[in-house]
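The values are calculated or read from the model by the stated rules, or taken from the named source; none is laboratory data. Note that the structure is a prediction, hence the values are computed from the model and not measured. We place every Cβ from the backbone using ideal geometry, glycine too, and count neighbours over all the protein chains shown. With ligands, DNA and RNA removed, areas are computed over all heavy atoms of the protein, side chains included. Shrake-Rupley method; radii C 1.70, N 1.55, O 1.52, S 1.80 Å.
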Amino acid sequence: MSGAQGQTDRTDDLSPLQQKARKALIWFASVLGGGAVAAALAVLAVVIGLNAFGRNLPDYKQLQDYEPPIVTRIYAGDGSMLTEFARQQRSFVPINAIPRQVINAFLAAEDKNFYRHYGVDYLGIVRAVLVNLKNVASDRRKVGASTITQQVAKNFLLSNEVSYERKIKEAILAFRMERAFSKDRILELYLNEIYLGNRSYGVAAAALNYFNKSLDQLTLAEAAYLAALPKAPSNYHPVRKKEAAVARRNWVISRMRSLGFVDDEAADAALVEPLVPRSRAGQSYFRADYFEEEVRRELKALYGDENLYAGGLYVRTTLEPRLQAIAERVLRRGLFAYDRRHGWRGPVRRIALAGDWHARLNEIDMPLGIEAWELAVVLEVSEAEAVIGLADRSLGVLPLDQVKWAQRWLPGEFLGRKVEAVGQVLSAGDVVVVERLEPAGDDEVLVGYALRQIPDVEGALVAMDPHTGRVLAMVGGWDYRESEYNRATQAERQPGSAFKPFVYAAALEAGYTPSSLVLDAPFVIDQGDGQGKWKPRNSSNKFYGPSTLRVGIERSRNLMTVRLALAIGIDKVVDYAGRVGLDRHVKPTLASALGAGEVNLVNMTTAYSMLVNGGSRIKPTLIDRIQDRRGRTIFRHDDRPCPGCALDAWEAAEEPVVPDGRSKVLDHRTAYQIVSMLEGVVQRGTGRSIRALGIPLAGKTGTTNDAADGWFVGFSPDLAVGVFVGFDQPRSLGPGEEGSSVASPIFKAFMAEALKDKPRIPFRIPSGIRLVRVDPKTGLPADPSEKSAILEAFIPGTEPNGRLAVLDGGQGLGQTEGEVRSGTGGLY
C-alpha cells in the first residue's frame with residue numbers, strides 16, 4: 001500500500017466533524033505562516049525606513065556642551081546696572097536650581113511620562129490618535145503627542161516644518177538623545193530654551209516678564225500659567241485673552257492634582273487665585289551712553305559678537321555713577337553757556353498758524369538733544385513778550401528778559417545788535433525750543449518759558465584715577481542720541497599748549513630747573529624746502545624777555561617753549577611724548593612742541609595722570625573685571641598677584657602687600673617738579689580762575705590756532721580730569737575764546753562738585769626733592785622780606801646760588817645739547 005493511499009484511508013476513517021476540524025487547522029497554519037512573512041516584511045520595511053531617515057541627521061551630541069544664549073550685563077563700579085547686551089532676553093538656570101513645583105507643572109502639561117519613556121511615549125501617541133479622531137468629527141483642535149525630548153530635538157536640531165518626515169526624524173533623535181543624556185540634562189535644556197511669549201526665552205525670563213518674580217517666588221497658580229504657554233503663548237495672553245489663559249492654567253493645575261503633584265487643598269486654592277500679571281520692575285539702570293558704547297566696542301574686540309550678545313558675561317566697569325552724573329551736568333552747562341554767548345541761529349522751522357496749528361506742531365519730529373525742553377510755536381509777538389502754543393494745546397509766554405541773549409549769530413562767532421524787543425528775534429509761526437520756568441505765583445495767567453537752542457559746539461570730559469588708569473566718568477558730547485560720535489575717544493585734535501608740560505619735563509630731565517631762564521623774544525626759523533619762515537608768537541602778541549621755566553608754563557609762553565625744545569632737541573620731546581602715549585601723531589618738528597600733534601582726550605588725561613602719580617606708567621581702562629556665565633574671572637585689569645588676599649575670614653591679620661608692577665616713564669622727582677609748576681598755572685597763570693575753589697589743584701589750558709580747540713587737563717592728588725571743547729568740523733570758537741574761557745569753567749565746576757566735602761589733600765612731595773624759597777620772577781633765592789616768594793622744587797644740587805644764564809637761542813655754534821648758556825645763538 002502506497003503512502004498516499006494509506007493517508008487517504010486514514011482520512012476516510014475520520015468522522016465528518018473531525019475532517020472539518022482538520023481542514024480548519026490546515027487553513028489557520030497557512031494564514032499564520034503568511035502573517036509571519038508579512039510581519040517580517042513590515043519589520044524589514046521599518047528598519048530600512050529608520051535607516052534612511054536616520055542618515056545625515058544633526059549631531060545631537062553637540063547638546064552635551066550646549067549653552068543657551070544669555071544676556072551680557074554691564075555694571076558700574078558700585079554695582080549699579082548700566083546696560084544689557086543680548087539678542088534674546090534669557091537667563092540660564094541649572095536644573096537643580098529650578099523649583100520642583102515649576103518642573104512638575106511643565107511635566108503635567110507637556111509630558112507626564114517623561115521620566116518613564118525612552119524618548120517617544122507610545123501610549124501618548126495612541127491616546128492622541130483616539131482623541132484626534134473624536135476632535136476631527138467635532139471640529140476641535142487636534143492634540144499632539146510629542147515628548148519633551150522630542151521638543152528639544154525639534155527646537156535645537158530641526159526646523160518647525162509640519163511633516164511626517166520631520167516627526168520621524170524627531171523620534172529618531174529623541175531615542176538617540178535619551179541614550180546619550182540624562183533626563184535632567186534634557187529637561188534643563190528644555191526649560192531654559194523654550195519660548196514662552198512676552199520676549200521670554202526660558203522659564204526664568206518668563207517669571208520675571210510675566211510676574212516680576214524669580215522662579216522660587218512663583219505661586220503654584222503662576223507656575224501652572226507658565227506651563228500653559230508652550231503650545232501657543234499668544235493664545236493665552238494674561239490680559240488680551242485672560243479667559244482662555246485662566247482656563248488653560250486651571251487645566252494644568254487639575255492635571256497636577258490628578259498626577260499627585262499637589263494635594264487637593266493647594267489645587268483648590270490655586271484654581272481660584274486671580275491671574276494678575278505684573279510688569280517687570282524698572283531695572284535701576286544708570287545711563288552713561290558714551291561710556292557704555294565704549295565698553296561694548298572693547299568687549300566686541302576682546303571676545304567677538306557671539307560672546308558679547310550671547311555669552312552671558314558679567315562685566316564690572318570702572319564707572320563711578322556720582323562722578324558721571326556730575327560730568328554730564330557740568331559739560332552740558334558749559335556747552336550751553338558758550339553757545340548762549342554766541343547768539344541765536346534761528347527757529348527750528350516755521351509753520352502756518354491758520355487752521356489747526358496744533359496738528360502741524362505735533363507733526364514736527366522732536367529734535368534730538370533737547371531732553372527736558374520742548375517745542376512750541378510763536379502765536380503772537382509784542383515788544384515785551386511772545387505768546388507761544390505747546391504740543392498739548394496749552395499756552396505760555398516768552399518774556400523779553402528770556403530772549404535778550406538771542407542776538408543774531410554771525411559767521412566767525414560774532415554777534416548782531418543787542419536785543420531790545422522780542423520782535424527782533426521771533427515772528428509768529430516760528431517753531432522754537434523752550435524750557436518751562438518756575439511759576440512766579442498762583443495768580444500768573446500764563447506760564448513763563450525761556451528761549452533755548454541746542455548747542456552747535458561739542459565737547460567731552462574724562463575723569464580718571466591717576467594711579468590705576470580707571471576711567472571714572474566719560475562724556476563724549478552734548479547728547480548721545482543726537483550724535484554717537486565720542487569726542488573723548490574718537491576725536492583726535494591738536495591739544496595746543498596742553499602739550500607743553502611734556503616739553504618742560506624733557507627739559508628738566510636734560511638738566512634744566514624750574515628757575516632756569518629762557519628768553520621770551522621774537523623767534524624766526526627757516527623751515528627749508530621752500531616752506532618759508534616759521535614765526536611763532538605768544539597769544540598776547542607780546543614779548544617778555546628772560547623768564548623762568550615756571551613762568552613759561554604758568555603763562556603758556558609759546559616762544560620760550562619753542563626755544564627750549566630747540567635747545568634740548570625735538571627728538572627728546574618726541575621721546576617723552578612716546579613714554580606717556582602721545583606720540584601717535586607727534587612729528588619731530590618744532591611745531592609739535594606747541595601741541596600740533598593730534599591726540600584724543602582719554603590719552604591726554606592718561607598722560608597727565610602719569611605726572612601726578614609720580615611718573616608711573618598706567619593704561620586707561622573702562623573695565624575692572626569680566627566673568628563668564630559660570631562665574632569664572634576671564635579678565636582683570638589689576639592682575640597683580642596677591643596670595644594674602646584670599647582669606648576665608650579677616651581676623652586682625654596683617655594687611656597683605658600687593659606689589660607695584662607699574663614701570664617708570666619719568667623720574668618721580670621730575671614728575672613732582674612739573675606738578676608743582678602746573679599748580680602754579682592754577683595759582684597765578686592761565687588757569688587762575690580755578691584758584692577760587694581753595695582746593696589743591698593743578699593743570700594746563702590748551703588753545704590751538706584760530707582758537708579752534710579749547711582744552712583744560714588737570715588733577716588733584718587722586719583725580720585727573722580732561723576737558724575738550726570744539727566744533728566737530730573745526731572752526732574758530734570766536735574772538736576772545738580760548739581754553740581758559742571754554743574748558744577751564746567746566747573743569748572748575750566738575751572739581752567743585754566731585755571734591756565737595758572731601759579732605760583737602762596737598763600734592764605729595766616725594767623723596768629727593770628740596771624746596772627752596774625763590775623769587776618767582778627771577779628764580780633766585782628770595783630775600784626773607786620778599787612777600788611774593790614761592791617754594792620751588794629742586795633736585796638736591798641744582799638749586800640756584802647766583803646769577804642765572806639765559807637761554808636765548810637754542811642749539812648754536814659750540815653748544816652741547818641741553819647746555820644752558822647765554823648769547824644770541826643766531827636766532828632773532
Give the number of residues within region 514-542 that are closer than 20 Å to residue 704 by Cα and polar (S, T, N, Q). 4
For region 359-373, which positions are open to solvent by 60 Å² or more (accessible area, probe 1.4 Å) and not small (Gly, Ala, Ser)? 360, 362, 363, 365, 366, 368, 371
Identify the single condition in (1) in contact (Cβ under 8 Å) with a residue 40 or more places away in the chain; (2) touching a Ser or Thr at 6+ places or on another chain (Cβ under 8 Å); (3) open to solvent by less than 30 Å² (accessible area, probe 1.4 Å) that residue 707 does not satisfy, given that it satisfies every other one. (1)
Name, by its number, the condition in (1) of a type in the set (Asp, Glu); (2) in contact (Cβ under 8 Å) with a residue 12 or more places away in the chain; (3) more than 27 Å from residue 455 (Cβ to Cβ) that does not hold for residue 737. (3)
Filter result for residue 301 (surrounded by 14 or more Cβ atoms within 10 Å (Cβ to Cβ), in a helix (DSSP H, G or I) and of a type in the set (A, V, I, L, M)): no
Considering every residue within region 246-263, establish whether at least one is free of Cβ contacts under 8 Å to residues at least 60 places away in the same chain, open to solvent by less than 10 Å² (accessible area, probe 1.4 Å), closer than 20 Å to residue 148 by Cα and not hydroxyl-bearing (Ser, Thr, Tyr). yes
So, in region 377-430, how many residues would count as being closer than 30 Å to residue 706 by Cα, under 41 Å from the mean Cα position of the chain (by Cα) and among the basic types (Lys, Arg)? 2
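Within the group 547, 616, which residue is within 30 Å of residue 778 (Cα to Cα) and of a type in the set (Ser, Thr, Tyr)? Give the steps one after another, and end with the answer.
On the way: 616 fails: within 30 Å of residue 778 (Cα to Cα).
Within the list 547, 616, the selection yields 547.
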Helices (runs of 4 or more DSSP H) wholly in region 554-631 with at least 3 residues that are of a type in the set (A, V, I, L, M, F, W, C) and within 25 Å of residue 792 (Cα to Cα) - which ones? 558-568, 601-612
Please verify whether residue 572 is modelled with pLDDT of 90 or more, farther than 19 Å from residue 700 by Cα and buried (at least 16 other Cβ atoms within 10 Å of the Cβ), treating the condition exactly as stated. yes
Provide a single number: the residues in region 523-562 that are more than 15 Å from residue 593 (Cα to Cα), buried (at least 17 other Cβ atoms within 10 Å of the Cβ) and over 46 Å from the mean Cα position of the chain (by Cα). 2
Taking residue 636 and the conditions (1) charged (D, E, K, R); (2) open to solvent by 70 Å² or more (accessible area, probe 1.4 Å); (3) closer than 26 Å to residue 748 by Cα; (4) in contact with a strand residue (DSSP E or B) (Cβ under 7 Å, 6 or more places away or on another chain), which numbered condition does it fall short on, given that it satisfies the others? (3)
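Can we say residue 548 is without any contact (Cβ under 8 Å) to a residue 60 or more places away in the chain and out of contact with any helix residue (DSSP H, G or I) (no Cβ under 6 Å at 6 or more places or on another chain)?
In short, no.
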Name the one entry in 385, 380 that is crowded, with 16+ Cβ neighbours inside 10 Å and in contact with a strand residue (DSSP E or B) (Cβ under 7 Å, 6 or more places away or on another chain). 385
Tally time: how many residues in region 316-358 are among the β-branched types (Val, Ile, Thr), open to solvent by 50 Å² or more (accessible area, probe 1.4 Å) and part of a helix (DSSP H, G or I)? 0
Just for region 710-761: of the residues that are in a loop (DSSP other than H, G, I, E, B) and under 23 Å from residue 621 (Cα atoms), which one is most open to solvent (accessible area, probe 1.4 Å)? 718
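Specify the residue that is most open to solvent (accessible area, probe 1.4 Å); the eligible residues are those in region 769-779 that are in contact with a Lys or Arg (Cβ under 8 Å, 6 or more places away or on another chain) and at pLDDT below 95.
Checking each candidate, the answer is 776.
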Candidates 163, 159 - the one that is more than 18 Å from residue 92 (Cα to Cα), of a type in the set (S, T, N, Q), open to solvent by 40 Å² or more (accessible area, probe 1.4 Å) and at pLDDT below 80: 159
Considering only residues of region 459-506 that are assigned to a strand (DSSP E or B) and over 14 Å from residue 324 (Cβ atoms), which is nearest to the chain's Cα centre (by Cα)? 459
Look through region 639-676, keep the residues that are touching a residue at least 40 places away in the same chain (Cβ under 8 Å) and of a type in the set (D, E, K, R), and return whichever of them is most open to solvent (accessible area, probe 1.4 Å). 664
If only one of 275, 226 is crowded, with 17+ Cβ neighbours inside 10 Å and within 21 Å of residue 114 (Cα to Cα), which one is it? 226
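Considering region 383-405 alone, what residues qualify as being out of contact with any His (no Cβ under 8 Å at 6 or more places or on another chain), of a type in the set (D, E, K, R) and under 16 Å from residue 353 (Cα atoms)? Talk me through it step by step, then tell me what you get.
Within region 383-405, the first condition is being out of contact with any His (no Cβ under 8 Å at 6 or more places or on another chain), and the residues that meet it are 383-388, 390, 392, 394-405.
Of the ones still in play, those that are also of a type in the set (D, E, K, R) are 383, 385, 392, 401, 404.
Of everything in region 383-405, just one residue is out of contact with any His (no Cβ under 8 Å at 6 or more places or on another chain), of a type in the set (D, E, K, R) and under 16 Å from residue 353 (Cα atoms), namely 392.
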Which residue pairs have Cβ atoms closer than 8 Å, lie 6 or more positions apart in sequence or on different chains, and pair a first residue in region 555-575 that is closer than 21 Å to residue 681 by Cα with a second residue that is small (Gly, Ala, Ser) and open to solvent by 30 Å² or more (accessible area, probe 1.4 Å)? 556/539; 558/539
Go through (1) open to solvent by 40 Å² or more (accessible area, probe 1.4 Å); (2) more than 26 Å from residue 289 (Cβ to Cβ) one by one and return the number of the condition residue 436 breaks. (2)
The one condition in (1) under 27 Å from the mean Cα position of the chain (by Cα); (2) over 20 Å from residue 538 (Cβ atoms); (3) open to solvent by less than 60 Å² (accessible area, probe 1.4 Å) that residue 696 fails to fulfil: (1)
Give the residues of region 168-221 that are of a type in the set (Ser, Thr, Tyr) and free of Cβ contacts under 8 Å to residues at least 40 places away in the same chain, sorted by residue number. 182, 195, 214
Within region 278-298, take every residue that is outside any helix (DSSP H, G or I) and out of contact with any helix residue (DSSP H, G or I) (no Cβ under 7 Å at 6 or more places or on another chain) and give me the one that is most open to solvent (accessible area, probe 1.4 Å). 287
Given the structure, is residue 420 outside any strand (DSSP E or B) and over 23 Å from residue 481 (Cα atoms)? yes
When residue 617 is run through (1) farther than 30 Å from residue 494 by Cα; (2) open to solvent by 20 Å² or more (accessible area, probe 1.4 Å), the failure sits at (1)
